[in-house]
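The structure under discussion appears below in the form of structure tokens.
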Amino acid sequence: MHGFTQTSASWRPVRRALGARYKAVAPDLPGHGAFAARPASFPACDAYLRALPRGPFALAGYSMGGRIALHAALSLGARLTRLVLVAATAGLADPAERAARRRDDDALADRIEAIGVEAFVREWSAQPLFAGIPRGVAEQANADRRHNTAAGLAAALRGLGTGVMPSLWDRLPELALPVTIIVGDRDAKFLDIAHRMAAALPAARLVVVPGAGHALPLEAPDAVAAAIEAG
């Protein structure tokens, strides 16, 4: 499950690294790519997961997709064998902070609709979160982002943003299944979050990728694939 502003294409490098050893399915999430017009909400994402074959599967999510995957893990039961969280968070535990983030996301959604995808992509990719990403990787990420629509991205912020989705920090101890947490060592904010999540989860394995930032599926696909394979 990809991150905000990306599409299923952002997982292609990881899927190539996994090769034929896995049957990997990477959907466009609501509000993104081919599903830009689909209502953007967690129930819409959960409905997709429930429509997958009944056999057991592992679920991997990056950033926004990681938050969605974490929510899904609490409802999928035995169908889910393992969870892989890539540069992800369990949300915002403080109600005031979550409300402030929702206001910020609403304002950003309004701005996306006002300036359009091209201008927004330039602004989004220039934020400190993506500082230090190799130029070729940045160009690949931005090309993918341009496959979205302003209306779709705005809807995703309003329906799937960190300020909208409830915090799961207090529910992490409920997840008894194996959870692999992957984070880049240059991604300071999410590195701290990763350590906190690993400490709260009953069966967590933390993988820190040297020299990598936040955009791990594109920056370090081999490392992400290796962490997925290691089980």
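The values are calculated or read from the model by the stated rules, or taken from the named source; none is laboratory data. Bear in mind the structure is a predicted one, so any value in this text is a computation, not a measurement. Glycine gets a Cβ as well: all are built from the backbone with ideal geometry, and neighbour counts include every protein chain shown.
Listed values, structure above:
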{"quantity": "Single match in Gly132, Gly136 (criterion: surrounded by fewer than 17 Cβ atoms within 10 Å (Cβ to Cβ), part of a loop (DSSP other than H, G, I, E, B) and at pLDDT below 95)", "calculated": "Gly132"}
{"quantity": "Hits in the stretch 86-103 (condition: part of a strand (DSSP E or B) and either of a type in the set (Phe, Trp, Tyr) or in contact with a His (Cβ under 7 Å, 6 or more places away or on another chain) (or both))", "calculated": "none"}
{"quantity": "Which numbered condition Pro173 fails, given (1) in contact (Cβ under 8 Å) with a residue 12 or more places away in the chain; (2) under 17 Å from the mean Cα position of the chain (by Cα)", "calculated": "(2)"}
{"quantity": "Residues (touching a strand residue (DSSP E or B) at 6+ places or on another chain (Cβ under 6 Å), more than 19 Å from Ala131 (Cα to Cα), not in a loop (DSSP other than H, G, I, E, B) and not charged (D, E, K, R)) located in the stretch 198-223", "calculated": "Ala198, Ala204, Leu206, Val207, Ala223"}
{"quantity": "Residues within the stretch 60-87 that are hydroxyl-bearing (Ser, Thr, Tyr) and crowded, with 21+ Cβ neighbours inside 10 Å, tallied", "calculated": "2"}
{"quantity": "Wholly enclosed helices (runs of 4 or more DSSP H) of the stretch 1-85 bearing at least 1 residues modelled with pLDDT under 85", "calculated": "42-50, 64-76"}
{"quantity": "Test: residue in the stretch 187-194 that is modelled with pLDDT of 95 or more, under 21 Å from Glu229 (Cβ atoms) and not in a strand (DSSP E or B)", "calculated": "yes"}
